[in-house]
Structures are given as C-alpha cells and as structure tokens.
Amino acid sequence: MINVESEAELTRVELMAKNLQKQARISIRVNPNVDPKTHPYISTGLHENKFGVDIDTAKRMYISAKKSEYLDPIGIHCHIGSQLTQLAPIKESVNIVANLVRNIKAALDVELKFFDVGGGLGIVYDNETLINTYEYAQTILDALHGLDITIVCEPGRYLVGNSGVFVTKVLYEKTNGEKRFVVVDGAMNDLLRPTLYDAYHKIEVLGKSENSSTCNVVGPVCESGDFFAKDIELPLTEHNDLMAIYSSGAYGFTMASNYNTRGKVAEIAVEDGKDRLIRKRETFEDLIALEEQYLK
C-alpha cells in the first residue's frame, strides 16, 4: 500500500493510478497531536510537525478514497516520533487512531485491513530507561481489541541501533588555551547525529583508560558543528589510537554524506567472531563517477 499523508498527495496518487488504469491500495498517515517526549527534530506526531493529517482531514480523505474507482483504502498509519522512552504517548496516540478506525467503519463503511503503529522504540545511548516491549505490545493489542486488523510495526532503531559501532583513528591532540581537543579522522559526514541532534554516543579509546581529562572529540571537516562529543572524560591519546563510538547502527551510515569531498567509510560485519567486508570504502573515482565531462 502507498502511505499518503495529505489531501494533495492523495489527489496525485489517484491521478497516477488513473493514468495507469490501476487501483492503488492506500493507507493514510494520521497525526494525533500527541507530544512524544523526545527531541523536537525527531518528533512527528504534533500538529506543528509536517507529518500526517488531523482526524477530520483523515475522515475526508477516506471518504474521497472510498468514492474513487482508482483508490482502495486498506490501511491507517500513525508514528509520533523516534527514540521514544515513555509508553504513555504511544498509548494515547494508538487509542486516538484506533477510535478513528472504528468510526470510519461505522460511519463510512470503510473496513481497514492494516494498522501501522509506526516505530520509534528507544535504545540505550546513555542511561535511558526503556519501554518494556511486553507492555508496549499489550498496549497496542488493548487499543485494537475487537478489530479484525493486521498490525504493522517499524522497530528499526530498536533492532539495529546498538549493533553498530563507528570506529575512527586519532590524528592528534591540540589545545586552544586550556581547551583540549582530540582530532580524529572520522567526521560529521560519517556520523551526523551528534551535530544534528546534539546526541550522546558513548566513546571509548580502545586499550587505554589512564590519564583522563576533559576534552572535545572533533573531526577534520570545516564546521564548528563537526564533533562527536563535548566535555567528556577520555585518556590521553596518541596518533593512530583507535576510538569506538557506540550505538551507531541506526541513523549512522544512512545519514552519511560526501561533504568536504570525503568518501563514505567501509562497512564491516562481525558474525560469530568472524569479520567480512560488506561495503567497500569509497574512492575519489567513485565520487566523480556521475559527473559529466565537458573538456574539449
């Protein structure tokens, strides 16, 4: 199904389906206006966020879809944010949308087949208290009690977040006044979360634990926002020391870029104690491969 989140988008999907002489199976993303209690950049369920439609708009869209010979409304979707660590906002939002499902079935005779409860379950980056997955599941089942509907869930970060480690090398240390900086060869283009969200990632200098002091861990990109941590305690480092930045499996490589003409890093899988290359490191030739050459 195609997940639609505005009336304008529904119109576009209908037009494309008509041009193809197909019937498009659609779902509508509902914005329940619930505060997810997370970072504002990853909040998606309030009316101030760009995602989804309010309850009344959703009803109009289901009416339009039911009347259209080119649309088949079979699903509903709700996702209020990422890195959620409190169950109450999830419970509130799922109950709101479940009541909408019951209302459109009774009033519009639209019987949906799929209920996408979104995702956003948090992981431990620092010392977060996480949502109990059994309680999470029971909350959803309770809200959907009596509905003959298939539940869809999107637990991406929960599955992969803590399985990834970003490994970088120390280039050197420097001080500005009394401020200590550890400069590494990784940068914000490799792992954007600290820059974008001021996010915390546990950092360890492998094989060292003594002579610790406060420092900033920064990369070589020409931005003041190019950092992995500020004011953390790390041991004294030397050139080529390895540094592990943990919990990088979600929104790590997927948000990477080639800013400052930097190639994306290699990816290594470790399975049963054995490592293998699963994505090679980008070369300069890879970076310019798509550029057109106009030299005469």
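The values are calculated or read from the model by the stated rules, or taken from the named source; none is laboratory data. Only a predicted model underlies this, so the values are computations on that prediction, with no experimental measurement involved. Positions of Cβ are generated from backbone atoms using ideal geometry, with glycine treated the same way; all protein chains shown enter the neighbour counts.
Inside the stretch 125-215, counting only helices (runs of 4 or more DSSP H) that do not spill past its ends, which hold 1 or more residues that are in contact with a Leu (Cβ under 9 Å, 6 or more places away or on another chain)?
133-143, 156-160
Could you please find all residues in the stretch 138-152 being among the hydrophobic types (A, V, I, L, M, F, W, C) and touching a strand residue (DSSP E or B) at 6+ places or on another chain (Cβ under 7 Å)? Reasoning before the result, please.
Residues of the stretch 138-152 that are among the hydrophobic types (A, V, I, L, M, F, W, C), as a first pass: 140-141, 143-144, 147, 149, 151-152.
Scanning the stretch 138-152 gives Ile140, Leu144, Ile149, Ile151, Val152.
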| query | What residue, among those in the stretch 147-188 that are outside the structural domain of Ile203 (by TED's automatic domain parsing) and in contact with a Lys or Arg (Cβ under 8 Å, 6 or more places away or on another chain), is nearest to Gly120 (Cα to Cα)? | reply | Thr150
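Taking the stated definitions as given, is Leu191 surrounded by fewer than 19 Cβ atoms within 10 Å (Cβ to Cβ) and of a type in the set (A, V, I, L, M)? Please lay out each step first, then the result.
Values: surrounded by fewer than 19 Cβ atoms within 10 Å (Cβ to Cβ): no; of a type in the set (A, V, I, L, M): yes.
No; evaluated as a whole, the condition is false for this residue.
Looking only at the stretch 41-71, which residues are in a loop (DSSP other than H, G, I, E, B) and modelled with pLDDT of 95 or more?
In the first step, residues of the stretch 41-71 are kept if they are in a loop (DSSP other than H, G, I, E, B); the result is 44-52, 54, 68-70.
Ser68, Glu69, Tyr70 - these are the residues of the stretch 41-71 that are in a loop (DSSP other than H, G, I, E, B) and modelled with pLDDT of 95 or more.
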| request: Show the residue pairs that are 6+ apart or on different chains and have beta-carbon atoms under 6 Å apart, the first residue being within the stretch 234-255 and in contact (Cβ under 8 Å) with a residue 60 or more places away in the chain, the second being of a type in the set (S, T, N, Q). | output: Leu236/Asn211; Met243/Thr168; Ser247/Asn162; Gly249/Ser163
| query | Lys91 is checked against (1) in a helix (DSSP H, G or I); (2) touching a residue at least 60 places away in the same chain (Cβ under 8 Å); (3) among the charged types (D, E, K, R) and fails just one. What number does that condition carry? | reply | (2)
